[in-house]
Ligand code: HEM
C-alpha cells in the first residue's frame, strides 16, 4: 500500500503497525516478559497493574464475544482499533515486532541527576544515579525499513530508569516536538483517512480533507525531518505533559526535552541516499565502543496559561528549562532481538513525584502499547 507523501515527510512515518484482532493474546499479562522482576507493590508499578487488569478484561470480552473479522470500529476498544488500523497501513503483522517503531537498537548506561532535578520532583531517580536501558527506533511498523527512509522519522528514544527493587519508570519520546492530533479518536480518523487515500482515491482524498480541517496535522506532515547523522545527534521530545511534585508539595506541569551532547546533525538528501539500510542501527554501537554517548534531559516548565492536555500545542521557547540530568550510554545490548522483543515501555509507569496529565493522547498510549506487546511477545 502506498501513502500520500510530502517530500521527505510522510505522516505514516509515525505509526505503521501490525496486529490483527484474531492474533491478540494476553502475553502482556505474563510476568515473564515486561513484568519480569517487577515489584507489584511498588507505587511506581501499581498503575501498570491496574491498567493491565482493566485492559485484559476488555480484550477478553471483545475477542470471545465477537469474531475478529466481524467487529467494526464502533464495537472495538479504541486501543485495538488503533492497532488494527495501523496494521492495515503497514501490511503487517510482522512476527515478533512492535506495531510501531518496529526497528530499533538497544543500549545501556547511567542516568545521573542534576542538582536542579530534585527542586521540581521528588522522584527517586532525581536523587541519585540509576542504570538506564534505552531503545532508539525508526518510525513505522516495518522492521526492514531503511534507516534513511523519510518514513523512519520521527525516530523514537524510549528510556527505562531502573529504580531498584524491581521498580522502573520510563520516558518514551520522539524526534518531533508536537503531535499531529489532540485526541485518540482523531488519530484513528487520520489513520483511516490515510488508508482510504490510495492512488485510486477521488480528489480531494480523505486525507487531504482531514489535513485541510486539522492544521496541526498539516504542520506535522509538512515539517522537514532530514535523516540524522546518528541517533546520538537527534533531539527528542516527550510531547505529553506530566505533573512534577517536589518534596515540599509544590507542583509544576512539564514536558521532557532530551538534547544530544554531540550536537544536532542531520544528512543532506544526497548524503542520506547513499547510506546503508542499517546505518543508524550499526553506527550507535560503534560510536559507543569508542566513547560514551550522552544526552541532557530537561523539563520544560509550563506557564500558568499553557495548554497541558493538547500535545499539538507547543509551549513557548521562552518557558524555563530545568536540567534534570545526563544520560550516559556506554554499552550496546548483546542479544538485541530477544531483549527488544521482551521489553514493554510505558510512558505512564510513574513513581511518586511524577503524575500523568489529563492529555487523552497520553492516556491511550499504554493500553495501545499493551495490545501491540500482547502480539509480539508470543
Ligand atoms: C494515539 C497516540 C499513539 C498511538 C496509537 C501509538 C502507538 C504505538 C504503538 C502501537 C507502539 C508499539 C508498542 C510496543 O509494541 O511496545 C508504539 C511505540 C512507540 N511510541 Fe507510540 N503511539 C502514540 C503516541 C505516541 C507519542 C505521543 C509518542 C512520543 C511522545 C510515541 C512514541 C513511541 C515510541 C518511542 C515507541 C517505541 C517504544 C519502544 O522502543 O519500545 N507514541 N506506539
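Please treat every number below as a calculation from the coordinates, not as lab data. This one's a predicted model, so the numbers in the text were calculated from it and none came from an experiment. A quick note on method: Cβ atoms are made from the backbone with ideal geometry, for glycine too, and the neighbour counts reach across all protein chains shown.
Applying the criterion of being more than 12 Å from the ligand (Cβ to nearest atom) and in a loop (DSSP other than H, G, I, E, B) to the residues of segment 78-116, the residue that is surrounded by the fewest Cβ atoms within 10 Å (Cβ to Cβ) is 115. Residue count for segment 121-146 satisfying the condition of being in contact (Cβ under 8 Å) with a residue 60 or more places away in the chain, more than 16 Å from the ligand (Cβ to nearest atom) and either surrounded by fewer than 22 Cβ atoms within 10 Å (Cβ to Cβ) or in a strand (DSSP E or B) (or both): 4. For residue 177, state whether it is away from the ligand (no atom under 13 Å from the Cβ) and either assigned to a strand (DSSP E or B) or in contact with a strand residue (DSSP E or B) (Cβ under 9 Å, 6 or more places away or on another chain) (or both). Against the criterion (away from the ligand (no atom under 13 Å from the Cβ) and either assigned to a strand (DSSP E or B) or in contact with a strand residue (DSSP E or B) (Cβ under 9 Å, 6 or more places away or on another chain) (or both)), residue 177 does not qualify.
Tell me the residue from 332, 370, 302 that is in contact with a strand residue (DSSP E or B) (Cβ under 9 Å, 6 or more places away or on another chain) and more than 17 Å from residue 157 (Cα to Cα), please. After ruling out the rest, the residue left standing is 302.
If we keep just the residues of segment 147-165 that are assigned to a strand (DSSP E or B) and within 10 Å of the ligand (Cβ to nearest atom), which is farthest from residue 329 (Cα to Cα)? Lay out the reasoning, then the answer.
Kept after step one, since they are assigned to a strand (DSSP E or B), are these residues of segment 147-165: 156-164.
Subsequent filtering for residues that are within 10 Å of the ligand (Cβ to nearest atom) retains 156-160.
On the way: 156: 16, 157: 13, 158: 13, 159: 11, 160: 12 Å.
Across segment 147-165, the extreme among qualifying residues is 156.
Of the helices (runs of 4 or more DSSP H) lying entirely inside segment 252-348, those containing at least 2 residues that are within 16 Å of the ligand (Cβ to nearest atom) and touching a helix residue (DSSP H, G or I) at 6+ places or on another chain (Cβ under 8 Å) span 279-290. Those helices (runs of 4 or more DSSP H) of segment 180-245 in which 3 or more residues are within 13 Å of the ligand (Cβ to nearest atom) occupy 184-195, 215-222.
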